[in-house]
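Working notes for the structure below.
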Amino acid sequence: MTIQFSTKIFSQADLRSPKQLKSSLSLLLGQNSDCLVLAYAKTDLDDFSGGRGAKPKPGLLSELDLLLCGSVTHANVVGDLDSKQASTCTLRAEKSWTANGIKAKRVLLVSLGDLALPGARDLSAYSKIAKAALKSLSGGSIEDAIWFTPSFALGHKAVFLAEEVRLSIQYAGDQAYRFGVRQAAMKFKAKDKADTFAHLTFVGNDQCAKELKAAVAEGIAMVEGMNLAKDLGNLPPNICTPTYLGKAAQSLIKKAGLKVEVLGRKQIEALGMGSFLSVAKGSDTPPQFIVMRHQGGKAGEAPIVLVGKGITFDTGGISLKPGEAMDEMKYDMCGAASVIGTMYATGLMKLKKNVIGVVPTCENMPSGGATRPGDIVKSMSGQTIEILNTDAEGRLILCDALTYVERFKPKAVIDVATLTGACVIALGHVHSGLFSDDEDLVNALTKAGQSSLDTVWRLPLDVAYHEQLKSNFADVANIGGRPAGSVTAACFLSRFTEKYKWAHLDIAGTAWKSGAAKGSTARPVPLLVNYLLEQ
Ligand code: BES
Ligand code: MN
Ligand code: ZN
């Protein structure tokens with residue numbers, strides 16, 4: 001089951017922000033719902049309880065208490081209300097509520113803590129609050145809820161409203177995601193437990209209607225893109241092959257109005273992608289080269305190009321990986337999945353920009369036909385590469401894709417790849433690695449990461465690191481030794497990006513989670529969608 005999102009717009013006379021509390025509250029409480037989510041500030045609770053020795057003052061909670069016939073007082077007396085940020089308290093309907101014309105079956109109170117202070121615009125605090133509220137909504141018998149966005153309720157600037165709404169939808173989508181429900185072809189698990197919580201409605205008035213509706217539509221598109229990226233990532237490598245990725249991309253022609261082309265081995269050979277092909281050589285499964293286009297901008301407008309690493313399984317090749325956790329190398333196509341997911345979201349949003357997604361995809365397998373350490377191959381750019389380690393294959397497929405995209409005369413190119421284990425060592429699972437010499441691109445991507453809480457951290461690309469990639473026998477070596485492994489990988493890629501503005505995202509530590517919660521995160525789809533929206 002997927003979660004549905006909708007908006008409900010009232011007239012400004014009926015639903016006001018932040019004044020006219022009483023009539024606005026009774027309007028919201030009078031809507032049919034399993035739960036109405038309301039946020040309160042620390043000051044609301046102080047006013048209500050008469051904190052700091054003062055006498056109780058009228059405000060949000062006292063108005064609510066009147067309408068709910070003392071339920072708030074009761075919750076406060078028994079100690080269920082806490083001003084600590086993100087603490088929650090569920091009030092359940094009583095007979096007296098119905099007599100008051102209240103149709104909400106529950107009211108979920110969420111504490112904003114200090115977030116409500118004027119000028120406070122802390123998205124990560126808001127995310128904690130949203131997550132706590134969503135957690136309270138799930139797992140029980142609640143099917144639908146009404147969400148009164150705090151930034152609207154508190155009269156914050158509308159620009160925050162969009163981010164807040166998108167983020168709430170992003171998290172609700174994360175919470176509702178179940179693997180396998182969208183794959184009709186095969187049931188992966190006998191028992192797939194779906195959450196009952198299935199419908200979230202955002203309320204607003206006609207003053208913010210346009211903004212709110214747009215943000216909800218963007219959020220929905222983002223969740224669709226994220227679900228697709230997660231499914232592709234989580235699918236087993238015997239099903240999610242390069243051919244499967246090609247078909248998934250092709251399904252976006254119908255689903256999102258994209259133009260999609262999938263090139264096979266012959267066409268890849270004709271393009272002279274000797275580096276890409278050297279990785280595919282060890283596999284019985286043919287490589288594919290996927291090009292997806294969204295033409296939402298003017299005809300001649302330079303496109304933003306996204307390139308995703310699509311290794312559907314990385315054994316390391318002849319430089320075979322150790323066996324431990326090798327199953328997780330099915331996630332080595334998460335760059336590709338995030339590009340396909342972002343293209344899907346872009347199409348669904350009918351974004352008024354030209355965006356192109358490119359995915360080189362193959363398997364990295366050892367076999368009698370596989371590339372050996374020491375082999376020299378010629379890339380599409382003409383540069384020769386000495387392959388010293390066949391496990392450094394991501395850069396070998398990406399470099400040819402980066403040369404290929406020159407033809408689009410791009411405004412900017414962003415590649416996304418689970419490129420190096422070294423990036424996991426450097427940044428862990430918090431930030432994705434960002435590499436770029438273009439300050440504007442760095443700023444835009446950093447900001448997009450912050451507004452979607454899908455963050456990046458910049459790492460260097462200095463020429464000094466290029467030394468490590470020198471080869472005695474070819475123009476460049478494909479590895480630069482252990483020191484600064486993520487940087488030398490990025491430096492390798494930079495040699496193929498001279499004709500345009502470029503950034504590289506290393507998502508090795510952020511694309512999936514290991515352990516008990518093993519699964520794809522769909523990162524950096526939120527970042528990329530926000531970046532495209534903010535352009
Ligand atoms: N796909 C891996 C990178 C990776 C490893 C991502 C572990 C996430 C977790 C990549 O193809 C790879 O094997 N890189 C090598 C490069 C090395 C041989 C220079 C690595 O990081 O060990
Ligand atoms: Mn590898
Ligand atoms: Zn790899």
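Only the coordinates and a few stated rules stand behind these numbers; no lab work does. Model, not experiment: these values are computed from the prediction. Heads up, the Cβs are rebuilt from the backbone with ideal geometry, glycines too, and the neighbour counts pull from every protein chain shown.
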Quiz item: Between THR384 and SER87, how many nm apart are label points set 7 Å from Cα along the C-beta direction?
Solution: 7.0
Quiz prompt | Contact order relative to length of the chain, as percent, for alpha carbon pairs under 8 angstrom and 6 or more apart | solution = 14
Quiz item: Between the stretch 313-336 and the stretch 251-286, what's the alpha-carbon centroid distance in Å?
Solution: 20
Practice problem: Would you be so kind as to identify which of ASN364, TRP97, VAL77 lies farthest towards the positive end of the dipole of the chain, taking Lys and Arg as +1 and Asp and Glu as -1 on Cβ and the Cα centre as origin? | Solution: TRP97
Exercise. Just rank THR196, THR98, fewest to most, by other beta-carbon atoms within 10 angstrom.
Key: THR98, THR196
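Go ahead and estimate [θ] at 222 nm for the chain from helices alone: -39,500 (n - 2.57) per DSSP H run with n ≥ 4, summed, over the residue count, rounded to 500.
Only helices count here, giving -11000 deg cm²/dmol.
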Quiz item: Which of the lysines could a cross-linker bridge to LYS501, judged by Cα under 16 Å and excluding same-chain residues fewer than eight apart?
Solution: LYS409, LYS411
Practice problem: Would you mind checking the stretch 190-232 for residues with the amide N under 16 Å from a putative spin-label position 7 Å along Cα→C-beta of SER23? | Solution: 205-207
Quiz item: When you take every Cα atom in the stretch 168-287, what is the radius of gyration, and what is Dmax, the widest Cα pair distance, in Å?
Solution: 19.3, 60
Quiz prompt | Potential lengthening between GLU498 and GLU534 on full extension [0.36 nm per residue; Cα-Cα distance subtracted] | solution = 10.4 nm
Quiz item: Among GLU328, GLU63, GLU498, GLU164, what is the fewest-to-most ranking by other Cβ atoms within 10 Å?
Solution: GLU498, GLU328, GLU63, GLU164
Quiz item: Using Cα pairs under 8 angstrom and six or more residues apart, how large is the relative contact order of the stretch 4-208, in percent?
Solution: 31
Quiz item: Going by the alpha-carbon gyration tensor, a ≥ b ≥ c the square roots of its eigenvalues, is the stretch 1-141 rounded (a/c under 1.5) or, if a/c is not under 1.5, prolate (a/b greater than b/c) versus oblate?
Solution: rounded
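Would the stretch 229-534 count as rounded, prolate or oblate if I go by the C-alpha gyration tensor, calling it rounded below 1.5 in a/c and otherwise prolate when a/b exceeds b/c, oblate otherwise?
It comes out rounded by the Cα gyration axes.
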Quiz item: Which distance in nm do the two modelled labels at SER367 and LYS518 give, with both placed 7 Å along the Cα-to-Cβ direction?
Solution: 2.5
Practice problem: Before anything else, pin down the relative contact order of the stretch 60-129: Cα pairs under 8 Å, at least 6 apart, normalised by residue count, whole percent. | Solution: 28
Quiz prompt | Phi-based couplings in Hz for the stretch 131-139 (Karplus 6.51, -1.76, 1.60; Gly and Pro marked x) | solution = 4, 4, 5, 5, 5, 5, 6, 9, x
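Please state the shape class of the chain: rounded when a/c is under 1.5, otherwise prolate if a/b exceeds b/c and oblate if not, all from the C-alpha gyration tensor.
Judged from the Cα gyration tensor, the chain comes out prolate (a/c at least 1.5, a/b above b/c).
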Quiz item: Modelled label-to-label distance, PHE188 and ALA325, 7 Å Cα→beta-carbon offset: nm?
Solution: 1.9
Quiz item: Taking the Cβ of ASP192 as the center, what net charge do the other residues with Cβ under 14 Å away carry, scoring Lys and Arg +1 and Asp and Glu -1?
Solution: +4
Quiz item: Among CYS240, CYS89, CYS399, which comes first, second and so on when ranked by fewest other beta-carbon atoms within 10 Å?
Solution: CYS89, CYS240, CYS399
Quiz item: Taking the highest mean first, how do the peptides 311-318, 67-74 order by number of other beta carbon atoms within 10 angstrom per residue?
Solution: 311-318, 67-74
Self-check item: Entries in LYS84/LYS128; LYS8/LYS213; LYS259/LYS309; LYS247/LYS298; LYS189/LYS254 that, when Cα-Cα distance is taken, lie over 18 Å
Solution: LYS259/LYS309; LYS247/LYS298; LYS189/LYS254
